Amino acid sequence: MSQDNIIQVENLVKVYSGGVKALSGIDFSVGRGEFFGFLGPNGAGKSTTIKILSTLLKKTSGRVTVAGLDLEESSSSMKIRRTIGFAMQEVGLDDLSSGRDFLVMQGLLYKLGRREASKRAEELLELVGLTD
């Protein structure tokens with residue numbers, strides 16, 4: 001993996017039970033600091049790829065590293081989840097929730113207490129200039 005790549009995917013394959021091939025040997029890399037998106041028709045493998053990158057789905061074969069962490073190593077899963085972020089096309093969250101509420105929810109998902117999650121959300125909003 002190049003030192004400049006934060007994500008490296010080589011020959012990624014995913015075959016679901018029943019023989020449905022969702023991914024057929026894809027290769028790509030994402031450089032440090034880059035924003036990256038997947039575009040394609042329904043069934044192209046976009047969601048499958050994201051789920052594999054975020055350790056929510058196991059790959060059939062291929063090599064994937066995120067921030068130098070190999071997906072094959074079981075100890076890497078939580079570290080990878082803390083490193084990678086993604087936004088799905090349809091979020092499915094309450095439209096009335098604020099950005100602050102969403103950040104607090106993310107903190108709770110990562111096992112922070114409510115007070116710590118709220119504090120961290122405020123710090124992040126301040127960092128990007130979105131405080132009240």
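Some values worked out for this structure:
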{"read-out": "Tabulated pairs, region 91-112, first β-branched (Val, Ile, Thr), second modelled with pLDDT of 85 or more, C-beta under 9 angstrom, 6+ apart or interchain", "value": "104/112; 104/114; 104/117; 104/118; 104/120; 104/121"}
{"read-out": "Enumeration of residues in region 63-79 that are more than 19 Å from residue 38 (Cα to Cα) and buried (at least 17 other Cβ atoms within 10 Å of the Cβ)", "value": "69, 71, 76"}
{"read-out": "Filter result for residue 62 (small (Gly, Ala, Ser), over 16 Å from residue 84 (Cα atoms) and assigned to a strand (DSSP E or B))", "value": "yes"}
{"read-out": "Some residue of region 45-66 being of a type in the set (Gly, Ala, Ser), under 24 Å from residue 110 (Cβ atoms) and either touching a residue at least 40 places away in the same chain (Cβ under 8 Å) or not assigned by TED's automatic domain parsing to the domain that holds residue 106 (or both)", "value": "yes"}
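Okay, residues lined up against (1) touching an Asp or Glu at 6+ places or on another chain (Cβ under 8 Å); (2) outside any strand (DSSP E or B); (3) without any contact (Cβ under 8 Å) to a residue 40 or more places away in the chain; (4) surrounded by 17 or more Cβ atoms within 10 Å (Cβ to Cβ):
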position	(1), (2), (3), (4)
12	yes, no, no, yes
23	no, no, yes, yes
34	no, yes, yes, no
42	no, yes, yes, no
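The values are calculated or read from the model by the stated rules, or taken from the named source; none is laboratory data. Given the structure is predicted, the values throughout are model-derived calculations rather than measurements. Here Cβ is always computed from backbone atoms with ideal geometry, including for glycine, and neighbour counts include all displayed protein chains.
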